[in-house]
1. Whole-Hz ³J(HN,Hα) for each residue in region 132-148, computed from phi via Karplus 6.51 cos²θ - 1.76 cosθ + 1.60 with θ = phi - 60°, x for glycine and proline: what do you get?
2. Using only DSSP helix segments of four residues or longer, with each worth -39500 (n - 2.57), what per-residue ellipticity at 222 nm results for the chain after dividing by its residue count and rounding to 500?
3. Could you tell me the relative contact order of the chain? Use alpha-carbon pairs under 8 Å, at least six residues apart, and round to a whole percent.
4. If I ignore ligands, DNA and RNA and count only protein heavy atoms, how much of residue 14 is accessible to a 1.4 Å probe, in Å² to the nearest 10?
5. Out of these labelled values of semi-axes √(5λ) of the Cα gyration tensor in Å, [x] 34, 20, 18; [y] 28, 22, 15; [z] 42, 21, 12, which was calculated from the coordinates shown here?
6. From the cross-link list 29/143; 42/133; 3/52, which pairs have alpha carbons spaced over 29 Å apart?
7. Based on the alpha-carbon gyration tensor of region 16-63 and its eigenvalue square roots a ≥ b ≥ c, which shape applies: rounded if a/c is under 1.5, prolate if not and a/b is larger than b/c, or oblate?
8. Compute, for residue 77, the solvent-accessible surface of its heavy atoms (probe 1.4 Å) with the complete set of protein chains present, and express it in square angstrom to the nearest 10.
Amino acid sequence: VAKMSTEWNRLVASNAKITHRHLIELATKHNVLHGKWLLYVKAEDIVTDWPKIRNAVVEGKLGSTAKISDAPDDRGSHVVCIYCPNFLDKDELLRVRRSISYNIGLYKTSVLRYKLDAFTYLNVYAKNQWKLKTCSYECGGKKDEECSTLISSWEVCTCATNDCCKRCYKSKEDSDIKDVYPIT
């Protein structure tokens, strides 16, 4: 992390136009690959939703770790982070995102966002001076309830001209998601 921070500080000092791709490349180069799916749980739902998340982590249905904020934010929601070890493993990111919906039963019609820890380590937050999106992926929502597509924040969509669009990653699974990730 220290070497990544040093290189980041040099980049910022150079007055170069900072892009999301710069942070992705720094994170990859310095092997800072972990990140988290961000969930916002209303304070009144935390008593029922947190045990579902905690139990799914213990049972191996989610990433290896999850944490929850100790107090609600200014909108009355707790932030829950569900960690994944490698943002480059898009199939694992999709598996965890689907599990949030199908194994835990949360956020089936909501878009969830995935944030790299590199952004946090480099103090790049929402409303940053470079106007960068701080989340690198999103998945789900009413248009993609089965979470079949992981949308990248830094790639250009080529779906109209290319079967293998880097921005709109689709899982390699051929089977029905509901059968693969049953609600338990």
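The values are calculated or read from the model by the stated rules, or taken from the named source; none is laboratory data. The model shown is predicted, which means the values in this text are computed figures rather than measured ones. When we count neighbours, we look across all protein chains shown, and the Cβ atoms used for this are built from the backbone with ideal geometry, even at glycine. What goes into the accessible areas is simple: the full protein's heavy atoms, side chains included, and nothing from ligands, DNA or RNA. Shrake-Rupley method; radii C 1.70, N 1.55, O 1.52, S 1.80 Å.
1. 7, 5, 8, 9, 9, 9, 9, 7, x, x, 5, 8, 9, 5, 8, 6, 8
2. Rounded to the nearest 500, it is -9000 deg cm²/dmol.
3. Relative contact order of the chain: 21 percent.
4. The value for residue 14 is about 70 Å².
5. Checked against the structure: label [y].
6. Long pairs (Cα-Cα over 29 Å): 29/143; 3/52.
7. oblate
8. Around 20 Å² of this residue is reachable by solvent.
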